[in-house]
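Since the structure comes first, as structure tokens, the remarks are kept for the end.
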Amino acid sequence: MIESRLGVLTDEVSDNFEEALNWAAEQGLAHVEVRVVNGRNIATVSDDEARDIRKQVEAKGLYISALASPLFKCALDPSRPVASGDTFGNAEEDVEAHFEKLSRVIAIAKLLGTKRIRIFSFWREQEPERYTSEIVGHLRRAAGIAAEEGVELLLENEPSCNGGVAEEVGTLVRAVDSPALRALWDPGNHAHAQREAYPSGYEAVKDVLSHVHLKDAYVGPDGKSRCVPIGSGTVDYIAHLRALAADGYEGLYTIETHFKPDGASRMTGTKMTLDALRALLKEV
């Protein structure tokens with residue numbers, strides 16, 4: 001049952017961590033991912049703060065499923081023009097600074113009681129394919145560190161990064177070839193990049209898949225993409241969820257809607273997505 005594996009990114013609900021936890025518990029969710037806690041990126045908290053965060057989560061009957069870090073949202077070479085995106089309060093730093101941060105993030109993850117850490121594939125180059133070997137080399141190094149520490153790195157498809165779509169993430173994960181690096185599949189990000197999330201996107205990552213984020217996106221008449229509640233975008237979620245079940249996916253699902261209705265809160269947008277998802281699950 002997907003319901004028993006369903007959670008939410010807390011700052012998609014509220015900047016107030018306690019309010020987000022209360023909401024998640026009231027909605028009957030199983031887990032939370034943490035990215036920003038009371039305005040601070042989770043990668044910056046102290047040991048004592050991490051222990052307190054875990055206590056707060058477990059007091060609500062929830063658990064922390066993953067640490068949604070900003071690791072490797074940085075330029076391979078600052079002298080080259082690259083895309084960029086939201087770092088959720090993390091400063092722009094070079095690759096070596098991110099490797100130093102990796103050790104700290106692993107320590108925080110362990111204090112939070114999770115072995116899963118979301119990472120990225122560096123800000124997107126103008127010609128990403130020219131730098132595949134360099135990207136793979138860095139990711140292989142990171143996976144080696146993760147393997148020694150007994151944690152799992154989850155590489156998310158993020159349009160502002162070199163692993164922008166499923167095909168690219170699948171290629172990178174297979175090239176690294178380590179059980180400590182797996183794919184975090186976000187069909188909504190793939191749709192936001194104006195690509196078919198299901199079946200083609202899913203087919204490109206299903207053999208290396210370990211975690212799923214849930215969002216949806218719609219491409220308007222103006223050609224621009226925007227996030228919308230699940231079921232009202234271009235992702236065929238009923239067919240996709242059926243396929244995940246049929247293929248034996250036993251991992252977790254996390255709502256990361258990125259949808260905020262005009263004049264309303266993120267909590268309202270996330271509730272709209274949760275309600276829509278639960279309606280769709282009756283058809284799965």
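Listed values, structure above:
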item: Residue within region 158-174 that is more than 25 Å from LYS73 (Cα to Cα) and among the charged types (D, E, K, R) present; result: no
item: Complete set of residues in region 254-270 that are over 13 Å from ASP11 (Cα atoms) and open to solvent by 60 Å² or more (accessible area, probe 1.4 Å); result: ASP262, GLY263
item: Scan of region 236-253 for residues that are over 17 Å from the mean Cα position of the chain (by Cα) and open to solvent by less than 10 Å² (accessible area, probe 1.4 Å), ordered by number; result: TYR237, HIS240, LEU241, LEU244
item: Region 73-109: number of residues that are open to solvent by 40 Å² or more (accessible area, probe 1.4 Å), closer than 17 Å to ASN41 by Cα and in contact with a Lys or Arg (Cβ under 7 Å, 6 or more places away or on another chain); result: 2
item: Residues being open to solvent by 10 Å² or more (accessible area, probe 1.4 Å) and either part of a loop (DSSP other than H, G, I, E, B) or small (Gly, Ala, Ser) (or both) - total across region 211-234; result: 11
item: Residue tally, condition part of a loop (DSSP other than H, G, I, E, B) and without any contact (Cβ under 8 Å) to a residue 12 or more places away in the chain, over region 147-176; result: 0
item: Residue satisfying condition, being at pLDDT 95 or above, under 20 Å from ASP15 (Cα atoms), within 16 Å of the chain's Cα centre (by Cα) and open to solvent by less than 60 Å² (accessible area, probe 1.4 Å), within set SER69, SER121, SER46; result: SER69
item: Single residue of region 177-195 satisfying the filter (assigned to a loop (DSSP other than H, G, I, E, B) and touching a Ser or Thr at 6+ places or on another chain (Cβ under 8 Å)) that is farthest from LEU155 (Cα to Cα); result: GLN194
item: Scope region 251-284; condition in a loop (DSSP other than H, G, I, E, B) and free of Cβ contacts under 8 Å to residues at least 40 places away in the same chain; matching residues; result: LYS260, PRO261, ASP262, GLY263, ALA264, LYS282
item: Matching residues, region 1-31, being within 16 Å of GLY251 (Cβ to Cβ), at pLDDT 95 or above and part of a loop (DSSP other than H, G, I, E, B); result: LEU29, ALA30
item: Residues being over 21 Å from LEU9 (Cβ atoms) and in contact (Cβ under 8 Å) with a residue 12 or more places away in the chain - total across region 230-249; result: 8
item: Count - residues of region 51-66 that are surrounded by fewer than 17 Cβ atoms within 10 Å (Cβ to Cβ) and among the hydrophobic types (A, V, I, L, M, F, W, C); result: 1
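The values are calculated or read from the model by the stated rules, or taken from the named source; none is laboratory data. These numbers come from a predicted model, not from an experiment. Glycine also receives a Cβ, built like all others from the backbone with ideal geometry; neighbour counts cover every protein chain displayed. To get the accessible areas, we keep the full protein, side chains included, count just its heavy atoms, and leave off ligands, DNA and RNA. Shrake-Rupley method; radii C 1.70, N 1.55, O 1.52, S 1.80 Å.
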